[in-house]
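Contents: one structure, followed by commentary.
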Amino acid sequence: MPELGLNIDHVATLREARYRDWKKGLAPEPGVLEAARVAEKVGVDAITVHLREDRRHIQEADVKELSRVISIPLNLEMAATAAMTRHALIIKPEEVCLVPESREEVTTEGGLDVAGDIPRLKGVIAKLHSAKIEVSAFIDADLKQVEAAHRVGAQTVELHTGTYANATTLRACRAELARHARAAAFAHEIGLRVNAGHGLHYSNVREYIEDVPHLHTLNIGHAIIARAVFVGLEKAIREMLVLLGSREFAPNAD
Ligand code: PXP
């Protein structure tokens, strides 16, 4: 029964659509902190935010405030750059997830090429570890990348589920599930914790957790925040928790 890490980036996307460069004293909405509080109350296990270099949604002030106020773990997604590492060392989230990043992309498009960047990533991860920050590497479900993540010192791999989520044929979907099952089994065998995320949805998450072993946390954002527009955040989260098996089905809960 995997845990749920709720990614609240798109609460900030909505806020930034109106309140870019907001000044202190205003109460810009929707509030990122308020969303995290609701998530915590409903039983989400961790909050995930991506502090992008272009600051298109989450801002540094959000991450600082979240890390100060919430009592569930904060997972900070970030590029493995010197500037972002400095931010992380000041903010000290419980976990950092290293992701590849390009300014042109709409969302994170592929896994981090850990195998092709070992010395640099080792240095970044050692610095994060020195501040007692756990490190996860967001990678494609590829055995070479899993092994490289272990070599650079990451404690966790987050398997990129985008190709699975976007598969349009049953065959492609099954092939992806098999690839993820192999990567997860290997990661577990060599002592890594296994997370997964990207594009997971109410419609595809059950099949994923039934086929892929050793899942610790699923990081899910867009599907839940999008559903929240129609049913409210509490209900949207509860519906996902039911699918993950962490809640009994309660038809009248709202
Ligand atoms: N995990 C990582 C590393 C991501 O970059 C994202 C997207 O920001 C997610 C999980 C969540 O993806 P989604 O919003 O599609 O659920």
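Selection of segment 1-60 for residues being among the acidic types (D, E) and part of a helix (DSSP H, G or I) yields D9, E16, E34, E40, E60.
For every residue, the table says whether it meets (1) in contact (Cβ under 8 Å) with a residue 12 or more places away in the chain; (2) among the acidic types (D, E); (3) surrounded by 19 or more Cβ atoms within 10 Å (Cβ to Cβ); (4) on the phi < 0 side of the Ramachandran plot.
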| residue | (1), (2), (3), (4) |
| --- | --- |
| P28 | yes, no, no, yes |
| V32 | yes, no, yes, yes |
| P73 | yes, no, no, yes |
| R86 | no, no, no, yes |
| A115 | yes, no, no, yes |
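Inside segment 185-208, can you point out the residues that are touching a strand residue (DSSP E or B) at 6+ places or on another chain (Cβ under 6 Å) and within 15 Å of the ligand (Cβ to nearest atom)? Correct list: R193, V194, N195, A196, G197, H198, L200. Being farther than 26 Å from K64 by Cα, within 16 Å of the ligand (Cβ to nearest atom) and not in a strand (DSSP E or B) is a condition met by at least one residue of segment 113-132. Restricting to segment 10-37, name every residue that is closer than 23 Å to C97 by Cα, in contact with an Asp or Glu (Cβ under 9 Å, 6 or more places away or on another chain) and more than 16 Å from the ligand (Cβ to nearest atom). Within segment 10-37, just L33 meets the criteria. The residues listed here are A223, A181, A167; of these, the one that is at pLDDT 95 or above and near the ligand (Cβ under 8 Å from one of its atoms) is A223. Out of E77, E16, one residue alone is under 18 Å from the mean Cα position of the chain (by Cα), farther than 19 Å from S246 by Cβ and of a type in the set (D, E). It is E77.
The residues listed here are S136, S130; of these, the one that is without any contact (Cβ under 8 Å) to a residue 12 or more places away in the chain and among the polar types (S, T, N, Q) is S130. When T48, T81 are checked against the criterion of being buried (at least 22 other Cβ atoms within 10 Å of the Cβ), under 26 Å from K127 (Cβ atoms) and among the hydroxyl-bearing types (S, T, Y), T48 stands alone in meeting it. In segment 89-100, the residues that are within 18 Å of H150 (Cβ to Cβ) and modelled with pLDDT under 95 never reach a residue that is basic (K, R) and not in a loop (DSSP other than H, G, I, E, B) with C-beta atoms less than 8 angstrom apart, at least six apart or across chains.
Scanning segment 200-238 for residues that are under 22 Å from L74 (Cβ atoms) and surrounded by fewer than 18 Cβ atoms within 10 Å (Cβ to Cβ) returns H222, E234. In the condition set (1) outside any loop (DSSP other than H, G, I, E, B); (2) more than 15 Å from the ligand (Cβ to nearest atom); (3) not β-branched (V, I, T), P213 is compliant with all but (1). In segment 141-157 there is no residue that is closer than 24 Å to I72 by Cα and assigned to a helix (DSSP H, G or I).
The values are calculated or read from the model by the stated rules, or taken from the named source; none is laboratory data. No experiment lies behind these values; they were computed from the predicted model shown. A quick note on method: Cβ atoms are made from the backbone with ideal geometry, for glycine too, and the neighbour counts reach across all protein chains shown.
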